Amino acid sequence: MNILVLNCGSSSVKYQMIEAGERKTLTRGSVERIGMSGATLTNLRHDGDEIRIAGEIVDHTQAIEYILAILLSKNHGVITDKGQIRAVGHRVVHGGETFSGSVLITDEVIKILRDNIELAPLHNPHNLRGISACEVSLPGIPQVAVFDTSFHLKMPKKAYLYGLPYSLYTQYKIRRYGFHGSSHRYVAERAAAMLSREPEALRLITCHLGNGCSMAAVDRGISVDTSMGFTPLEGLLMGTRCGDIDSSVILFVMGKEGLTLGEATTLLNKHSGLQGISGISSDMREIVSEMKNGDKKATYAFEVFTYRIKKYIGAYAAAMGGLDAVVFTGGIGENSVDIRTACCVGMEFFGISVDESLNSSAEKEKFISPAGARTPVLVIPTNEELVIAIDTMRIVTEKGPVSDR
Ligand code: ADP
């Protein structure tokens, strides 16, 4: 069953056409610079055929039209008729407190997503634009929303409440939500399969380390705590985001430097993290390379990054009363041998250690702990699109909500 998976951002639409039953990606691509000069569509088909088209793409509706044209194209496409798309699955960033699983998109769902815009002003409006564009270009084809937040919605109140007046929670829904839910869910399920155990029997810590980074404590299949919070700013050090910080710091800096709210938001989200500490780059490859060249600030950035991951491993093992395995994923988690080693050094008391030959092997999905380790350490490439495609397939065939486990 062909599912078109869409991830609509402010000026980009990423897409994959997935044969969900066979778990096979037929083609993938992205439209970049929507509404700007020099917009492009890049498409890579499973057989290696690659095409890049430049054009004027003014909005998301036009972007979807370009995508459909390439999917249907004689030379580069994978379908011959729009009707071969059984459904569209959308990555939607924020489901608020309403959605604990993926849902068929109805007028009522769209209304709730609009109500949630305040919680994710940088993301949900674009997700909604993508949904409207598909209503126009693919009329009658069902659409499903898969939320970044829903996997974490079962975490207990003690994990999601902040130490603020309770009225701020009831009035403005200020609480921890957590993000990267599809990724944490996917790797937790894959880890259980690799360990030949039921997810319900495992206490896992999943580390999604990309440009944005988050960790989750997945206790018997349920995310009971996660490091991102009300927004994706909290928790680990990230490419350009500060992660955990004493909130007074920002009030202090705003006062000292006369920053507006917008400037303060930019400082925390765009000029902090690896970039902010190193002054070199938000890209972990450059941080590692400069650290190896002896750059002090790159070394500080690397050390803050890995130290914080170790602290969260300790915290989440305590939260779950034990630990059965640790999983690394995301661009950094999947590729950086140095980061994985540094996160596991000195953690033998948890049963965590790394076998360096396994760690540096070319395998993508693998165990990196020595055979027989008390707490296995795994690397699992994430596949959020597959999660979206499979949820979408289930919903349009069962016609019922799919709840996260
Ligand atoms: P996003 O969060 O935008 O999806 P990714 O998951 O692709 O991002 O991760 C991007 C990060 O992965 C960047 O910091 C990049 O430096 C890092 N990365 C990719 N390959 C490597 C590598 N071989 N070593 C270290 N970091 C890497």
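The values are calculated or read from the model by the stated rules, or taken from the named source; none is laboratory data. Nothing here was measured: the structure is a model prediction, and the numbers come from that model. Cβ sites come from the backbone with ideal geometry, for glycine too, and all protein chains shown count toward neighbours. What goes into the accessible areas is simple: the full protein's heavy atoms, side chains included, and nothing from ligands, DNA or RNA. Shrake-Rupley method; radii C 1.70, N 1.55, O 1.52, S 1.80 Å.
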#### Entry: DSSP beta bridge pairing in the chain, given as percent antiparallel to the nearest 5
70 percent
### Message
Could you compute the net charge surrounding Y166? Neighbours are other residues with a C-beta less than 13 Å from the C-beta of Y166; K and R count +1, D and E count -1.
### Response
+3
### Query
Hey, what's the Cα Rg ratio for the range 55-192 versus the globular rule of thumb, 2.2 N^0.38 Å?
1.24
### Query
What ³J(HN,Hα) values, in whole Hz, does the Karplus curve 6.51 cos²θ - 1.76 cosθ + 1.60 give for the range 362-367 when θ = phi - 60°, with x put for Gly and Pro?
7, 3, 7, 10, 6, 8
#### Entry: Dipole axis of the range 195-307 (+1 Lys, Arg; -1 Asp, Glu on Cβ), positive-most option in L204, G239, V218
G239
### Query
What residue among N293, I380, L71 has its Cα farthest toward the positive end of the dipole of the chain, where the charges are +1 on Lys, Arg and -1 on Asp, Glu, each on the Cβ?
I380
#### Entry: Residue-normalised accessible area of the range 5-65, expressed per residue, 1.4 Å probe, Å²
47 Å²
### Sequence of T341, T226, T265 when ordered by accessible area, the most exposed leading, probe 1.4 angstrom
T265, T341, T226
### Task
Quick one: net charge around G276, please, counting Lys, Arg +1 and Asp, Glu -1 for every other residue with C-beta under 13 Å from its C-beta.
+3
### Query
Can you give the accessible area of K14 in Å² (nearest 10), computed on protein heavy atoms with a 1.4 Å probe?
110 Å²
### Message
Which of rounded, prolate or oblate describes the range 199-353 when judged by the alpha-carbon gyration tensor and an a/c cut-off of 1.5?
### Response
oblate
### Query
Given the convex hull of the Cα atoms of the chain, what is a quarter of its surface area in nm²?
21.1 nm²
### Message
Positive end of the dipole of the range 70-219, charges at C-beta (+1 Lys, Arg; -1 Asp, Glu), about the Cα centre: which of G130, I112, L168 has its Cα farthest in that direction?
### Response
L168
### Rounded accessible area of R33 (nearest 10 Å², 1.4 Å probe)
100 Å²
### Message
Explain nothing, just the number: dipole magnitude of the range 133-224 about its Cα centre with +1 on each Lys and Arg Cβ and -1 on each Asp and Glu Cβ, in debye rounded to the nearest 20.
### Response
400 debye
#### Entry: Compactness index (Cα Rg / 2.2 N^0.38 Å), the range 278-393
1.16
### Task
Keeping to pairs on different chains or 8 or more places apart, tell me how many lysine pairs in the range 262-405 have Cα atoms under 28 Å apart.
17
## Note on the structure
The ³J(HN,Hα) series, computed from each phi in the range 73-85 with the Karplus coefficients 6.51, -1.76 and 1.60 at θ = phi - 60°, rounded to the nearest Hz and given as x for glycine or proline, is 5, 5, 8, 10, x, 10, 9, 10, 8, 4, x, 6, 8
### Task
Would you work out the charge dipole size for the chain about its Cα centre, treating the Cβ of every Lys and Arg as +1 and the Cβ of every Asp and Glu as -1, and quote it to the nearest 20 debye?
460 debye
### Task
Return the carbon/sulfur percentage of the accessible area of the chain, one whole number, probe 1.4 Å, all protein chains in place.
53 percent
### Task
For the range 238-296, compute Rh as the Kirkwood radius over C-alpha pairs and then the Stokes-Einstein diffusion coefficient at 37 °C and 0.692 mPa s; write the answer in µm²/s, rounded to an integer.
268 µm²/s
## Note on the structure
Once E200, E118, E365 are ranked on solvent-accessible area with the largest value leading and a 1.4 Å probe, the list reads E118, E200, E365
### Query
Using the heavy atoms of the protein chains alone and a 1.4 angstrom probe, what is the accessible area of the range 281-405 per residue in square angstrom?
45 Å²
### Summary
Rounded to the nearest 500, the 222 nm mean residue ellipticity computed for the chain from DSSP H runs (n ≥ 4, each -39500 (n - 2.57)) alone is -11500 deg cm²/dmol
### Message
Not counting ligands, DNA or RNA, and with a 1.4 Å probe, what is D338's accessible surface area in Å² rounded to the nearest 10?
### Response
50 Å²
### Message
What's the magnitude of the charge dipole for the range 302-342 around its Cα centre, counting Lys and Arg as +1 and Asp and Glu as -1 at the beta-carbon? Answer in Debye, nearest 20.
### Response
140 debye
